[in-house]
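The values are calculated or read from the model by the stated rules, or taken from the named source; none is laboratory data. What you see is a predicted model, and the numbers here were worked out from it, not measured in a lab. Here the Cβ positions follow ideal geometry from the backbone for every residue, glycine too, while neighbour counts run over all protein chains shown.
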Amino acid sequence: GCELGEAPTTGKVLLPATYVTTNATIRCVTGALGQGNDVPITVRLNGQNAAPSTRRFSVWPSPQLDSFSPTSGPLAGGATVRLFGAFFRDTAHANELQCRFGLAVVPAIYR
């Protein structure tokens with residue numbers, strides 16, 4: 001499994017893990033972790049043997065959307081929509097920020 005957190009500040013959470021053979025990765029899905037900072041991540045291969053990482057997993061609140069502008073746009077698209085709220089975060093990976101309009105997903109830019 002994957003172990004997130006450290007005692008005593010955040011406690012430890014053990015998550016089930018799945019080995020993905022197609023790309024030789026381990027997949028862990030987090031549940032609610034509470035608000036915090038960056039926490040260590042450790043992989044446990046058999047529930048006992050630990051493989052700690054020097055990298056940390058960032059924990060932050062869910063984004064909160066308060067308003068957006070404009071509230072409408074042309075049927076053909078092309079409108080630039082600005083979102084206002086709290087807990088937005090810039091990301092390090094391309095195409096990680098996205099907006100969804102109905103079924104259409106479009107790239108977003110953090111400014």
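Annotations for the structure displayed:
- Any hit, the stretch 53-71, residues being at positive phi and modelled with pLDDT under 80: no
- Contact map, the stretch 26-47: first residue under 15 Å from Ser58 (Cβ atoms), second residue β-branched (Val, Ile, Thr) and at pLDDT below 75, Cβ cut-off under 6 Å, separation 6 or more or different chains; pairs are Gly36/Thr10; Val39/Thr10.
- Subset of the stretch 40-82 that is of a type in the set (A, V, I, L, M) and under 25 Å from Gln98 (Cα atoms) - its residue that is surrounded by the fewest Cβ atoms within 10 Å (Cβ to Cβ): Leu75
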